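These notes are about the structure you will find just below.
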């Protein structure tokens, strides 16, 4: 398989362009219509909307229920909150509450995460709010390969899929296959094999966990890094198998801990009797502090977890048993 | 084009069907066979029927929490509607939706919606799909004066107007948002005046005169099909029932206001009109029509009662499509 190196942001663009070429029922709704896309697909399929997220999110639902396969880009996840009625009351429930009589194939893209001094409103990672709803699939890629493959799966899926894309990773380079491929929704990935402790990390923190694993290796601690890649459905089998092997669990997430993805992963992994019996230490969450994200860099860095806090978390579970 | 005598009879039949269906739904709700909540459309039948009479079978509509009338006017099967209210497997939504979520996508009925204003952007999306497909289909959004004050109204009409989408927005202005008077929530006398702000036509019509509604519906639908964009129609009407059928539910509306509108019931208005057209209609004919409708309603209840309840585990089905 021949490979080439592209950025995470580019990978998302390639997935969009290739799927739009592949399927004439796809079209794009966002407050911005990139000229390169308009040039290839025309204004009809690359639609510049008013700043009216509630309406254009609902328009996507209506078009999806009428034979199209819309792709919405909210830009930052922040902006989707004015469309919550359409996401929560409509998109997540419309297939179910009408008895499955119609499919609603649509993708909502948005960037998540902080670290760029954009302050509280524009530095959010609120995916756990959507995990709590039934009826939405959620992807959270951490590499260019996963971004392209997962976004293609999202666009091809016959359900509403929310694609959360890490703003810190937009420039990250990585290899992708030249030919068409997809990454299945609901399948986690072992980003590094290890035997002493499992770090389940999300998005940007996958890379921080890999850096932490390098450090710990020097101390003779073998760290396994697991990337769930999709938050709904969660690949509980792979995560449990990893923890059964290592006996220790650290979960790293850029969001706050309260009722977050890390909390759900901890519960899902350890409520399984076999996995629980294999635990040598209590699970440890390494998350952002539970505050809105501040602007000034030193404060912002203090709030977010990083490789050092992951290392501290690993040491804690190693020392605990 | 004015409605032919035959079409007028069809409209009368539909209006009376809506009324009889809802009278039965209300009774069976109060009797315990129908669960949750039931919102009756009784008194507003001329709006749904007059608008839908101007539509083709492949045109699409969306409704709100008060949706039985829109379903019936678009041609939904009474048996499957009643089965849905009864929570049975043969209901349109297999018992997952109930009164507030009846949908039949096969006839272009994109669903009753329990969120006030929630359907406006969805039907705008159906209009966009129609425009992109180029099949000359029209999308119609029914909503109330309450929804006209929600942000989704503004956002949807603005986009539909900007993109010249083939959508007809039908505001059924019954002067009450649940138990709050419209005059306390918007200052303008006519909600349709807002259309000017979007650069589209806004039309006020007597929503209890089905023939008048049909006339303006045809204009709006023709405009949409011609690619000239959306129209906002405001049907002035009134619900004869409280907001819900829940026993003891509040109804704060003044008695004189109710009496005014009860005297303007849309069904007798059309019956009188048919009678005045010499030789067109008689009380006996209306009685015979009503008897047939009552038999259909009885049959729908029998169908619903014969349909099994869904297995409890069916609650896990249809969360996701394959």
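Rule-based calculations on the coordinates, nothing more; no lab input. These numbers come from a predicted model, not from an experiment. Glycine also receives a Cβ, built like all others from the backbone with ideal geometry; neighbour counts cover every protein chain displayed.
From the P(r) of the range B:137-248, can you give the percent of Cα pairs sitting at distances over 22 Å?
Numbers: 1944 of 6216 pairs.
Looking at the range B:137-248, the distances longer than 22 Å represent 31 percent of pairs.
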Check: Helix-derived [θ] at 222 nm for chain A: sum -39500 (n - 2.57) over DSSP H runs of at least 4, divide by residue count, nearest 500?
Finding: -11000 deg cm²/dmol
Check: Which residue, B:160, B:178, B:76, has the most motion in a Gaussian network model of chain B that connects Cα atoms within less than 10 Å?
Finding: B:178
Notebook entry, point to check: Does the range B:5-307 come out rounded, prolate or oblate, given a ≥ b ≥ c as the square roots of the eigenvalues of its C-alpha gyration tensor, rounded meaning a/c under 1.5 and, failing that, prolate meaning a/b above b/c?
Noted result: rounded
Check: Cα gyration tensor of the range A:3-177, axes a ≥ b ≥ c as square roots of the eigenvalues: rounded (a/c below 1.5), prolate (a/b > b/c) or oblate?
Finding: rounded
Item checked: Helix axis angle, A:8-22 relative to chain A longest principal axis, alpha carbon, degrees -> 40
Check: Nearest 10 degrees, 0 to 90: what angle lies between the long axis of helix A:236-246 and the longest principal axis of chain A (Cα atoms)?
Finding: 20
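Out of all DSSP beta bridges in chain B, what portion is antiparallel? Express it as a percent rounded to 5. Write down the numbers at each step before the final one.
Working: 3 of 24 bridges.
Here the share of antiparallel DSSP bridges comes out near 10 percent.
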Check: Between the range B:169-199 and the range A:48-112, how many Å separate their Cα centres?
Finding: 27
Notebook entry, point to check: Just how far, in whole angstrom, is the range B:136-157 from the range A:144-187 if you go by their alpha carbon centroids?
Noted result: 35
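Among B:185, A:103, A:143, which comes first, then next, by fewest other beta-carbon atoms within 10 Å? Walk me through the numbers on the way to the answer.
On the way: B:185 13, A:103 20, A:143 25.
So the residues, fewest neighbours to most, are B:185, A:103, A:143.
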Margin query: For the range A:24-105, what are Rg and Dmax over the alpha carbons, in angstrom?
Written below: 13.1, 40
Next item on the list: May I ask you to sort A:251, B:72, B:122 by Cβ crowding, counting other Cβ atoms within 10 Å and putting the fewest first?
Entry: B:72, A:251, B:122
Checklist line | Three semi-axes of the equivalent ellipsoid, the range A:189-320, Cα gyration tensor, whole Å, largest first | finding: 22, 17, 13
Checklist line | Ranked A:204, B:176, B:261, criterion: other C-beta atoms within 10 Å, fewest first | finding: B:261, B:176, A:204
Checklist line | Highest-fluctuation residue, A:244, A:86, A:290 considered, GNM on chain A with Cα pairs under 10 Å | finding: A:290
Margin query: How tilted is helix A:204-218 with respect to the longest principal axis of chain A? Cα atoms for both, answer in degrees (0 to 90, nearest 10).
Written below: 20
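Where both residues lie in the range A:3-177, what percent of DSSP beta bridges are antiparallel, nearest 5? Spell out each step's value before the answer.
Numbers: 5 of 27 bridges.
Percentage antiparallel, nearest 5: 20.
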Check: Normalized C-alpha radius of gyration of the range B:1-78, against 2.2 N^0.38 Å?
Finding: 1.15
Margin query: Restricting to DSSP H runs of at least four residues, report the calculated mean residue ellipticity at 222 nm for chain B, -39500 (n - 2.57) per run over all residues, nearest 500 deg cm²/dmol.
Written below: -14000 deg cm²/dmol
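Quantify how much of the Cα-Cα distance distribution of the protein assembly as shown extends past 42 Å, in percent. Mind showing how you got there, number by number?
Details: 69566 of 206403 pairs.
Value for the protein assembly as shown: 34 percent of Cα pairs lie more than 42 Å apart.
Classify the range B:134-189 as rounded, prolate or oblate, taking a ≥ b ≥ c as the square roots of the eigenvalues of its Cα gyration tensor: rounded when a/c is under 1.5, otherwise prolate if a/b is larger than b/c and oblate if not. Before the final figure, lay out each step's value.
Working: a/c = 3.37, a/b = 2.15, b/c = 1.57.
Here the range B:134-189 falls in the prolate category.
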